[in-house]
Amino acid sequence: MLLRADDAGVFRLVAGCVCFPSSWSLAEKMGHPLEFIHGVVPELNAQLGRSIHAFLCKLVPGEAWRRSNWGLSRSPELNQHPRRRLRKLDDTVTFDEVWLRIEHQVLVRLPETGGVLFGIRLENHPLEVVRRAGELSRRFRLALETMSDAIAEYKGVAGARARLLDLLS
Ligand code: HEM
């Protein structure tokens with residue numbers, strides 16, 4: 001994805017190709033400011049909006065910054081565009097149906113135009129990988145247990161939280 005600061009200095013999404021979205025639609029985000037794009041993520045703009053903007057302003061060409069997001073889904077499909085209406089996690093989910101999606105993201109400032117490139121590479125793991133992960137597994141369960149209801153809803157795990165904790169215990 002390519003972002004560019006508009007005349008008011010607001011970063012907007014101006015181009016992109018996302019082959020494997022995690023339950024969001026590129027078309028709905030195109031042309032919009034980052035604050036709008038993140039609008040559906042509970043608490044994010046209030047807590048991080050200004051820092052994200054400052055971070056993007058300070059990016060310099062020649063550096064690449066990495067970050068990652070994680071999510072759970074009920075399908076190993078890489079492309080989870082909302083129009084595909086894939087099955088959601090709920091309290092009937094079985095161990096083999098649950099997949100951990102890790103998005104490796106990279107942010108790069110382009111030297112000539114000043115645009116910001118945002119790349120996503122997806123990794124998909126069966127839940128077994130989490131169960132076997134020792135200390136990481138404990139921390140993963142803690143994250144699931146303690147996230148707010150709003151975040152759990154956004155991440156699609158609200159109706160499956162107890163079940164997932166059970167499967168991982
Ligand atoms: C350092 C900068 C950034 C931070 C800290 C950040 C953080 C986040 C977080 C925490 C989420 C929620 C993920 C989850 O819990 O599943 C998210 C979602 C998202 N972010 Fe960012 N983000 C950053 C930059 C960007 C940029 C540059 C774009 C470019 C368009 C972007 C596009 C998105 C999209 C499309 C979503 C999914 C929104 C939806 O579900 O509709 N983010 N981001």
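Filter the stretch 76-87 down to the residues that are closer than 19 Å to Ala152 by Cβ and of a type in the set (S, T, N, Q) and list them by number.
If the condition is that a residue be closer than 19 Å to Ala152 by Cβ and of a type in the set (S, T, N, Q), then Gln80 is the only one that fits.
Listed by position, the helices (runs of 4 or more DSSP H) inside the stretch 16-107 whose residues that are open to solvent by less than 50 Å² (accessible area, probe 1.4 Å) and in contact with a Leu (Cβ under 6 Å, 6 or more places away or on another chain) number at least 1 are 26-29.
A count restricted to the stretch 3-24 and to residues that are more than 8 Å from the ligand (Cβ to nearest atom) and of a type in the set (Gly, Ala, Ser) stands at 4. Search the stretch 108-122 for residues being within 13 Å of the ligand (Cβ to nearest atom) and of a type in the set (Val, Ile, Thr), and hand back the single one that is least open to solvent (accessible area, probe 1.4 Å). So the residue we want is Val116. From the list Phe20, Phe11, exactly one residue is farther than 27 Å from Ser148 by Cα and modelled with pLDDT of 95 or more. Which is it? Of Phe20, Phe11, the one residue that is farther than 27 Å from Ser148 by Cα and modelled with pLDDT of 95 or more is Phe11. Taking the stretch 145-169 as the range and being assigned to a helix (DSSP H, G or I), within 12 Å of the ligand (Cβ to nearest atom) and either open to solvent by less than 50 Å² (accessible area, probe 1.4 Å) or among the aliphatic types (A, V, I, L, M) (or both) as the test, the residues that pass are Ala150, Ile151, Ala152.
The values are calculated or read from the model by the stated rules, or taken from the named source; none is laboratory data. If you're wondering where the values come from, they're calculated on a predicted model, not measured in any experiment. Using ideal geometry, Cβ is built from the backbone for each residue, glycine included, and neighbour counts are taken over all protein chains shown. Surface accessibility is based on the protein's heavy atoms, side chains included, excluding ligands, DNA and RNA. Shrake-Rupley method; radii C 1.70, N 1.55, O 1.52, S 1.80 Å.
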